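Beneath this line is the structure, given in structure tokens, with notes to follow.
The values are calculated or read from the model by the stated rules, or taken from the named source; none is laboratory data. The structure presented is a predicted model; accordingly, all values stated were derived computationally and were not measured. All Cβ positions, glycine included, derive from the backbone under ideal geometry; neighbour counts span all protein chains shown.
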Amino acid sequence: METVVLHNDTLRLAFDRATGALVGLTAVQTDWEILSRPHLGLSFRLLVPLTSDDPVDVAFAERMGRAYGERRDNPVYGEKQSLTAFELAAGGKAATFTWDGVTSEVGGPLPIKITLVVTLTDRQAVFAMTIANRSRHVVENVYCPYLGDVQRPAGEEWFKTFSYSYATAQEWPLWPTYNNMRGYYGVDYPIQLSNASHTAGAPMAPFTLLRGEKQGLYAGVLSSSAELVAWSTELRPGYGSSIDRRVPEGETIGGLDVATRFAAIHAPYIQPG
């Protein structure tokens with residue numbers, strides 16, 4: 001795998017030159033390898049629901065009072081896309097990744113152009129994504145940045161999320177236990193996403209922390225905006241023990257990689273054209 005590395009005083013980021021996936025992330029001052037398994041690297045994710053004339057979809061739409069049938073589960077996985085252009089800025093503190101056209105899981109190729117600019121300041125890595133939707137479908141949500149395998153700092157006894165709640169803070173464990181915020185229905189994996197709109201993310205909760213007792217990773221919205229940006233984590237492929245919400249002890253379980261994903265989820269509803 002050929003990689004491109006950006007670094008500043010606090011972070012070192014490695015990207016897959018072929019796909020643009022973030023395959024490495026290290027805290028420079030402590031050597032905490034936040035992302036350390038390149039094959040689990042991610043870049044972005046889109047949800048692009050399709051219109052559908054399937055009788056099952058049409059019947060469901062009629063029951064829900066919708067004008068037409070939809071095949072909603074049509075994601076675009078960034079790690080499966082190939083870069084069409086890449087540019088590294090002079091000085092190595094910024095990079096531009098371009099995917100001119102993507103392939104969705106159900107709808108196939110879509111004329112959607114994605115441009116991601118990653119810029120490093122002295123202590124931050126800033127992700128700015130632009131989407132040109134030339135398809136006939138709506139791009140409902142966007143995961144960016146999207147981290148595929150967040151590792152806890154070595155030597156910590158616990159690892160949690162920390163974010164705003166009304167007049168206080170909310171903390172959810174990531175390890176050694178993991179709090180699932182949704183039921184067993186409607187989601188494929190244990191997931192954390194606030195149940196309350198005012199604590200789900202920006203603008204009311206414009207930042208979140210993934211932290212141990214000694215150090216952590218901050219993620220936040222750089223500019224003031226009314227845009228919803230929800231903070232979410234996901235435990236894959238699931239629990240080692242669901243009775244006590246225990247995270248699997250090894251790096252794999254049942255032949256599958258154990259990984260905690262983190263995403264900033266945007267809901268821009270980008271219209272066709």
Task: Asp122 being in contact with a Ser or Thr (Cβ under 9 Å, 6 or more places away or on another chain), not aliphatic (A, V, I, L, M) and not in a strand (DSSP E or B) - done: yes
Open item on the list: I need the full set of residues from the range 29-61 which are of a type in the set (Val, Ile, Thr) and over 27 Å from Thr115 (Cβ atoms), in order please.
Closed with: Thr30, Val56, Val58
Open item on the list: within 21 Å of the chain's Cα centre (by Cα) and closer than 25 Å to Asn141 by Cα: is that true of Ser165 in this structure?
Closed with: no
Open item on the list: Cβ-Cβ distance below 6 Å, separation of 6 or more or different chains: which pairs start in the range 9-26 with a residue that is small (Gly, Ala, Ser) and end on one that is outside any loop (DSSP other than H, G, I, E, B) and surrounded by fewer than 18 Cβ atoms within 10 Å (Cβ to Cβ)?
Closed with: Ala14/Thr3; Ala14/Val5
Open item on the list: Any residue that is touching a residue at least 60 places away in the same chain (Cβ under 8 Å), of a type outside the set (Gly, Ala, Ser) and over 24 Å from Ile114 (Cβ atoms) - is there at least one of those in the range 255-272?
Closed with: yes
TODO: Go through the range 66-85 and give me each residue that's assigned to a strand (DSSP E or B) and either under 21 Å from the mean Cα position of the chain (by Cα) or under 19 Å from Val56 (Cβ atoms) (or both).
DONE: Gly69, Glu70, Arg71, Pro75, Val76, Tyr77
Open item on the list: Name the single residue that is modelled with the lowest pLDDT among those in the range 191-209 being of a type in the set (A, V, I, L, M, F, W, C) and within 14 Å of the chain's Cα centre (by Cα).
Closed with: Leu193
TODO: Could you please tell me which pairs satisfy a Cβ distance under 9 Å, a separation of 6+ or placement on different chains, a first residue in the range 95-113 that is more than 13 Å from Thr19 (Cα to Cα), and a second residue that is modelled with pLDDT under 95 and in a strand (DSSP E or B)?
DONE: Ser104/Leu50; Val106/Leu50; Val106/Arg71; Gly107/Leu50; Gly107/Arg71
